[in-house]
1. Mind checking the mean number of beta-carbon atoms from other chains within 10 Å of the Cβ atoms in A:76-88?
2. Quick one: label points 7 angstrom along Cα→Cβ at A:Leu43, distances to the other copies in nm, smallest first?
3. List A:Arg7, B:Arg82 from most exposed to least, where exposure is judged by having the fewest other Cβ atoms within 10 Å.
4. I need A:Ile27, A:Ile81 ordered by Cβ neighbour count within 10 Å, fewest first.
5. What per residue convex hull volume, in Å³, do the alpha-carbon atoms of chain B yield?
6. Can you list, shortest first in nanometers, how far B:Glu116 lies from the same residue in the other copies, with each label 7 Å from Cα toward Cβ?
7. How big is the shadow of the Cα convex hull of the protein assembly as shown, averaged over all directions, in nm²?
8. Measure nothing but the geometry: give the 0 to 90° angle between the long axis through the Cα atoms of B:3-12 and the longest principal axis through the Cα atoms of chain B, rounded to 10°.
Protein chains: 2
Amino acid sequence: MFAESLRKIVEEVPGGLGAVLMGYDGIAVDQHFRSVDGIDLTLVAVEYAAVLKEIKNAAQILRTGELEEVTIVTTCFNVLIRTLNDDYFVALTLEREGNTGKGRFLLLRESVPLREGLL
Amino acid sequence: MFAESLRKIVEEVPGGLGAVLMGYDGIAVDQHFRSVDGIDLTLVAVEYAAVLKEIKNAAQILRTGELEEVTIVTTCFNVLIRTLNDDYFVALTLEREGNTGKGRFLLLRESVPLREGLL
């Protein structure tokens with residue numbers, strides 16, 4: 001039920017490498033990956049799940065509102081994350097030169113069916 | 001020496017609320033803030049310093065390249081962060097509807113004099 005949304009997110013964005021629907025506990029519900037040499041993208045998502053949990057807690061403590069999106073840019077990749085509800089988020093990994101704007105749009109568009117599937 | 005860059009970043013971007021030059025230890029070197037009711041933006045930066053340190057470590061462990069930028073969107077604010085070197089970063093807090101693209105540009109532009117000042 002989630003596979004189709006994750007596949008669309010990865011394949012419709014230039015430079016899309018992988019998307020994962022994951023809980024803040026770092027456990028993936030579903031994922032769609034293209035193979036990337038030398039990098040385990042599931043592991044990347046697990047690491048960032050821990051970070052995201054901290055950002056979420058920080059936002060709550062600081063009363064800066066609910067966390068919606070996080071974008072991480074490194075010299076090799078862009079990681080875009082959108083929160084779905086209190087327990088789950090979806091993360092998209094792009095090539096460094098991938099289309100971040102299109103990626104954000106696809107995460108927003110597919111967050112609707114993904115969120116519905118989580119109910 | 002850093003005040004002028006931080007002032008320019010905050011004042012040249014629509015919706016700019018505050019900018020801080022900070023170490024990963026959460027200690028601010030310099031800052032420029034507009035007053036925002038009910039929110040201590042220095043505290044926000046300190047909280048995010050801890051998070052950023054984790055992202056930086058995760059990126060190194062995962063060999064996903066050096067961390068360059070992090071964008072955090074909550075229901076109330078946008079926080080844009082740019083790394084300067086191994087010890088320092090600059091963070092810009094914007095209103096939710098602020099111009100994120102302009103903010104990213106200003107952080108990139110001012111990262112040059114800020115980095116030089118840190119040498």
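FYI, it's all coordinate maths here, none of it is from the lab. Everything numeric in this text was worked out from a predicted model, so none of it was measured. Using ideal geometry, Cβ is built from the backbone for each residue, glycine included, and neighbour counts are taken over all protein chains shown.
1. 2
2. Ordered by increasing distance: 3.9 nm.
3. A:Arg7, B:Arg82
4. A:Ile27, A:Ile81
5. 98 Å³
6. So the distances to the same position in the other copies read 5.5 nm.
7. 12.0 nm²
8. For B:3-12 against chain B, the angle is about 60 degrees.
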